[in-house]
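The values are calculated or read from the model by the stated rules, or taken from the named source; none is laboratory data. Keep in mind that what you see is a predicted model, and the values were worked out from it rather than measured. Here the Cβ positions follow ideal geometry from the backbone for every residue, glycine too, while neighbour counts run over all protein chains shown. We work out accessible area using only protein heavy atoms, side chains counted, and drop any ligands, DNA or RNA first. Shrake-Rupley method; radii C 1.70, N 1.55, O 1.52, S 1.80 Å.
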Amino acid sequence: MLVRVAAATAIIAGAASAKVFFHEDFASMDKWVDSTAKDSYGKFTLSSGEFHGDKDINQGLKTSQDAHFYASSVEMPEEVTNDGKEFVVSLSVKHEQGLDCGGGYVKLTPAMDPTKFNGDSEYHLMFGPDQCGSSRRVHAIFNYKGENRLWKKEPRYPDDKLTHVYTLRVKPDNTYEMYIDQELKESGNLEDDWKLLEDKEINDPEDKKPEDWVDEAEMNDPEDKKPDDWDTEAAEIADPDAKKPDDWDDADDGEWEVPMIPNPKHKGEWKARRIPNPAYKGVWAPKKIANPSYAADDKLYLIQKPIKHVGIDVWQVKSGSIFDNIIIGDSLEDVNAIVDKTWKVTIDAEKKAQEAIAKKAEEEAKKDEPAAEATEENEDL
C-alpha cells in the first residue's frame, strides 16, 4: 500500500524559499464546508471510483447526484500571495462517468463565508476542465480589477475516464505555463492571452477611406464579349413527350396546356469573365494610433486579494467526477513532487484496472448472447 501524502498542510519543500501552501488529498471531508446558498445543492462523497490504481491515494471528492449544482469549500491554513514569486496550482480530476455537460474546476477565493459560497462569489482564479456539448476545454479565468477575464485559448482536455492532472504556473514576469499530466500544453504572456488591459493601439477615428479607394479585387474583363447566339434559346420549352390525357374534358377541366420543362440548350445569364483589378488597393483599414486609455501593468500576475479558500462550484448533468490532490505552491518542482507521489505512481495501475473491468464486461456480454438468442427464437415460434 502506497503511503498517503499528508493533506491540507502548509509545508516547507525543496529550497528554503519554496513552499507548498496547501495540499488536499481528501483523506476526509472534515474541513470542507458545504454551501447553504441554495437548498438544492448536490451531495459530495468520498470515493476512489469503480476502478483505481490505489484505493487510498486515489480517494477523492466525488459528485454523486445527476443534474445538480455543487458548492463546497475549505479554508487554507494561511492566506496566499505571490508578490515577486511564482504561483502554481494543480488538481487532478477523473470523469469516470464520461462527462457530457459539467465542470471539473476549482475556484481560489479571498476570505469569505463558506456557507454563502456560490456561482457569483468572487474568486482570483477558476481553473480546470469544463464541458458542455461539443465545447470541451480547460478553463483558466482570472479576476482582474473586479472582472472575470476568460482565457483566449481553448485547450481541450483528454476525452477518457482516467485521472488527469491539470497544473497552471504563473510567473512574476507575467508569463504562464499550463500542463496536463505534467506535459506542457500551453504557454504565453498574460497580457496577450487574456483581455486584462485596454488595447495598446486603436483605429484613428479621424482617418477616413479615400473616395477613390478601390475595394474590388476583381473586375469584368472588358475584352470578353457575349456571343451573338447566347440568347437564342428560351429558358423553357414545351415537353415534347407530354400527351393530353385521354380522359381530359375541356369543358370540365379547361383547355389542356402542354407542361413546360427546362430547355437543355438554354445557356442562362451571360456573365463576363473576371480578371484581377489593376486599380485594386487592398482592404482599407484606418491607421492605428496609441490608445490613450491603455495603461501598462507589470504586475498582471499578482494575486490582488490574498487567497484564503479553495472551492468547488460546478454544475453536472451526469455525476461521477472525482476531484483529488488540489495543490497550491510557489514552485513547480515541489508541486510536481507531490504529483509524482500520487498520480504518477498510480496511473498505470488505474489503466490496468479500467481494462480489467472492460474485459470482464465483454466476457459477461458474450455469456449472455446464447440466452438472448434463445429468447428471440422462442418469441418467433
Next on the checklist: Over 5 Å intervals from 0, what percent of Cα-Cα pairs in region 14-118 sits in each interval?
Outcome noted: 2, 9, 18, 22, 19, 15, 9, 4, 1, 0
Checklist outcome for this item: For I57 the rounded accessible area (nearest 10 Å², probe 1.4 Å, non-protein molecules ignored) is 10 Å²
Checklist outcome for this item: Carbon/sulfur accessible area of region 241-381, % of total, 1.4 Å probe, equals 51 percent
Item to check | Unsatisfied cross-links (Cα-Cα over 30 Å) in the set K19/K107; K43/K85; K161/K367; K145/K200; K195/K287 | outcome: K43/K85
Checklist outcome for this item: Expressed in nanometres to one decimal, the distance between label points 7 Å along Cα→Cβ at S28 and K116 is 2.9 nm
Next on the checklist: Could you tell me how far the Cα centroid of region 153-194 sits from the Cα centroid of region 76-149, in Å?
Outcome noted: 13 Å
Checklist entry - Kirkwood hydrodynamic radius (Cα pairs, Å) of the chain? => result 26.5 Å
Item to check | Dipole magnitude of the chain, debye to nearest 20 (Cβ charges: Lys/Arg +1, Asp/Glu -1, about Cα centre) | outcome: 3080 debye
Item to check | Per-selection Rg to Rh, region 44-91 - Cα, Kirkwood hydrodynamic radius | outcome: 1.10
Checklist outcome for this item: Rounded to the nearest 500, the 222 nm mean residue ellipticity computed for the chain from DSSP H runs (n ≥ 4, each -39500 (n - 2.57)) alone is -4000 deg cm²/dmol
Next on the checklist: Between helix 347-380 and the chain, what is the angle of the helix's C-alpha long axis to the longest principal axis, kept within 0 to 90° and rounded to the nearest 10?
Outcome noted: 50 degrees
Item to check | region 108-255, accessible area per residue, ligands and nucleic acids excluded (1.4 Å, Å²) | outcome: 60 Å²
Item to check | Convex hull volume per residue in cubic angstrom - Cα atoms of region 108-260 | outcome: 518 Å³
Item to check | Two-decimal log10 I(q)/I(0) for region 93-197, as the Debye equation yields it once each C-alpha is a single scatterer, q = 0.12 Å⁻¹ | outcome: -0.43
Checklist entry - What does the accessible area of D100 come to, in Å² to the nearest 10, when a probe of 1.4 Å is used? => result 60 Å²
